[in-house]
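Here the structure is laid out as structure tokens; the discussion comes afterwards.
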Protein chains: 2
Amino acid sequence: MESTMKSLGATTFLLPAPVLLAGSYDPQGKANIMTAAWGGICASQPPAVAVSIQRTRWTYASVLERKAFTISIPSTSQAAQADFAGIRSGSKVDKFASLHWSAVKGEYVDAPYVGECPLVLELALLQSVEIGSHVQFIGEVKDVKVREDCLDEKGRPDVAAIDPLLFAPVTRQYWGIGKLVGKAFSLGLSID
Amino acid sequence: MESTMKSLGATTFLLPAPVLLAGSYDPQGKANIMTAAWGGICASQPPAVAVSIQRTRWTYASVLERKAFTISIPSTSQAAQADFAGIRSGSKVDKFASLHWSAVKGEYVDAPYVGECPLVLELALLQSVEIGSHVQFIGEVKDVKVREDCLDEKGRPDVAAIDPLLFAPVTRQYWGIGKLVGKAFSLGLSID
């Protein structure tokens, strides 16, 4: 049955949006992170992830200069820290110091990640795409790291243990993940 | 404290990934949807959303031809249907008919959306970006619609009622959202 829909107009509402802590070294070599929610995986081969950043952000020139960035995914328990990293600018504040977080130099790219986050990606800049207000940085994934306490007994990532923070635009809320619904490429096989 | 991390190698693992039902009319004018998880919001002005699609997909030529697509976000209760739409090809199956879903013609763009989904975006194709295995379609959001039973008493979208389906790559699982963690642009203000 088709239901009635209410229009919200032309806006940026999609659920869920991720909470991406984009890590880079600034022109002075200081490790910095900024929180971004406009992004996601964008290709499989090469594995690639996009994050969109405004030109006015401190992170913008840093990524272009070293052609590298990281993405650290915070847990729900790190929501306040992640929010802080989106409010403050690295031009004025040493966010790693303020948050008592470790800036760990990437193994594969010239950018720092958050040592305390449960899930980290290292990315080499592949392309920059101009889209109005934002520049979309497309990074090739060079490595994915999962904190050891977020692996299951077989060494696979445990989504519930990672407990990723989610962002809801428009309502401007953070949410957590909930229940496992089922297996992909499997649930739909029962339908003809 | 910095914890030990385990490397998963260069792969596409980011949490959460969305479950995007990309709607389009095929060359014969038949309404079709395909499930995609590689995508997200990519700009604010104009409001824009990206979805990456392989060239071999039935949807690929359809989007290019009409320069339009929609994104319907399924609820957790629609997980099996969403999974079906990712397994089968519109070249062989009428997915709307198989799923008993309504193909509603967009108000603003020449593409159909799923009338039963709680959240829908109408998009006009802005750019196509080649990224290895995938082509990223960047669409300008022309309208966002929320099902009326997913609005709160003030007419704002209710994230818990929308109950969006989430995808976890690598583990290949669907998840639901859980608890509200807090307000964005607010939680972090308590940190110096």
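Here are some notes:
- The condition of being buried (at least 17 other Cβ atoms within 10 Å of the Cβ), free of Cβ contacts under 8 Å to residues at least 24 places away in the same chain and facing chain B (nearest Cβ under 9 Å) holds for A:Ile177.
- All positions within the stretch A:82-92 that are more than 9 Å from chain B (Cβ to nearest Cβ) and either farther than 20 Å from A:Leu125 by Cβ or touching a Cys at 6+ places or on another chain (Cβ under 8 Å) (or both): A:Ser89, A:Ser91, A:Lys92
Matching residues to (1) in contact (Cβ under 8 Å) with a residue 40 or more places away in the chain; (2) surrounded by 14 or more Cβ atoms within 10 Å (Cβ to Cβ):
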{"position": "A:Val146", "(1), (2)": "no, yes"}
{"position": "A:Glu153", "(1), (2)": "no, no"}
{"position": "A:Ala161", "(1), (2)": "yes, yes"}
{"position": "A:Pro169", "(1), (2)": "yes, yes"}
{"position": "A:Ser186", "(1), (2)": "no, yes"}
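- Condition met for A:Gly139 (crowded, with 23+ Cβ neighbours inside 10 Å, more than 7 Å from chain B (Cβ to nearest Cβ) and on the phi < 0 side of the Ramachandran plot): yes
- Within the stretch B:174-192, the set of residues being of a type in the set (A, V, I, L, M, F, W, C) and outside any helix (DSSP H, G or I) comprises B:Trp175, B:Ile177, B:Leu180, B:Val181, B:Ala184, B:Phe185, B:Ile191.
- A:Ala111 more than 7 Å from every other protein chain (Cβ to nearest Cβ) and either buried (at least 17 other Cβ atoms within 10 Å of the Cβ) or modelled with pLDDT of 95 or more (or both): yes
- Qualifying positions in the stretch A:114-136 - more than 7 Å from every other protein chain (Cβ to nearest Cβ), within 14 Å of the chain's Cα centre (by Cα) and hydrophobic (A, V, I, L, M, F, W, C): A:Val114, A:Cys117, A:Leu123
- Candidate set: the stretch B:46-67, residues that are at the interface with chain A (Cβ under 7 Å from one of its Cβ atoms) and not hydrophobic (A, V, I, L, M, F, W, C); chosen: the one farthest from B:Leu21 (Cα to Cα): B:Pro46
- Note on the stretch A:144-162: among residues that are part of a helix (DSSP H, G or I) and small (Gly, Ala, Ser), the one that is nearest to A:Ile177 (Cα to Cα) is A:Ala160.
- Some residue of the stretch B:118-128 being more than 24 Å from A:Ala48 (Cβ to Cβ) and not in a strand (DSSP E or B): yes
- If you filter the stretch A:21-30 down to residues that are touching a Pro at 6+ places or on another chain (Cβ under 9 Å) and crowded, with 24+ Cβ neighbours inside 10 Å, you find that the one that is farthest from the other protein chains (Cβ to nearest Cβ) is A:Ser24.
- Residues that are under 14 Å from the mean Cα position of the chain (by Cα) and within 20 Å of A:Gly139 (Cα to Cα), drawn from the stretch A:63-98: A:Phe69, A:Thr70, A:Ile71, A:Ser72, A:Ile73, A:Pro74
- Restricted to helices (runs of 4 or more DSSP H) entirely inside the stretch A:25-106, no element has at least 3 residues that are at pLDDT 95 or above, in contact with a His (Cβ under 9 Å, 6 or more places away or on another chain) and of a type in the set (A, V, I, L, M, F, W, C).
- Within the stretch A:68-81, restricting attention to residues that are in contact with a Leu (Cβ under 6 Å, 6 or more places away or on another chain) and farther than 24 Å from B:Ile131 by Cβ, the residue that is farthest from the other protein chains (Cβ to nearest Cβ) is A:Pro74.
- Any hit, the stretch A:158-168, residues being facing chain B (nearest Cβ under 7 Å), at pLDDT 95 or above and over 16 Å from A:Ser72 (Cα atoms): yes
- Sub-8 Å Cβ pairs linking a first residue in the stretch A:32-45 that is more than 7 Å from chain B (Cβ to nearest Cβ) and under 8 Å from A:Gly86 (Cβ atoms) to a second residue that is buried (at least 24 other Cβ atoms within 10 Å of the Cβ) and among the small types (Gly, Ala, Ser), at least 6 apart or interchain, are A:Met34/A:Ala22; A:Met34/A:Ala85; A:Thr35/A:Ala22; A:Thr35/A:Ala82; A:Thr35/A:Ala85; A:Ala36/A:Ala22; A:Ala36/A:Ser52, ordered by first then second residue.
- Only one of A:Val129, A:Val120, A:Val135 that is farther than 15 Å from A:Tyr60 by Cα and modelled with pLDDT of 95 or more: A:Val120
- Picking from residues in the stretch A:49-107 that are closer than 16 Å to B:Ser190 by Cα and of a type in the set (Lys, Arg), the one that is surrounded by the most Cβ atoms within 10 Å (Cβ to Cβ) is A:Lys95.
- Pairs meeting the criteria (first residue in the stretch A:109-123 and touching a residue at least 40 places away in the same chain (Cβ under 8 Å), second residue small (Gly, Ala, Ser) and in a loop (DSSP other than H, G, I, E, B), beta carbons under 8 Å, at least 6 apart or on different chains) are A:Pro112/A:Gly106; A:Tyr113/A:Gly106; A:Val114/A:Ser102; A:Glu122/A:Gly106; A:Glu122/A:Ala111; A:Leu123/A:Ala111.
The values are calculated or read from the model by the stated rules, or taken from the named source; none is laboratory data. Worth saying up front: this structure is predicted, and the values here are computed from it rather than measured. Neighbour counts are summed over all protein chains in view; Cβ atoms, including those assigned to glycine, are modelled from backbone coordinates with ideal geometry.
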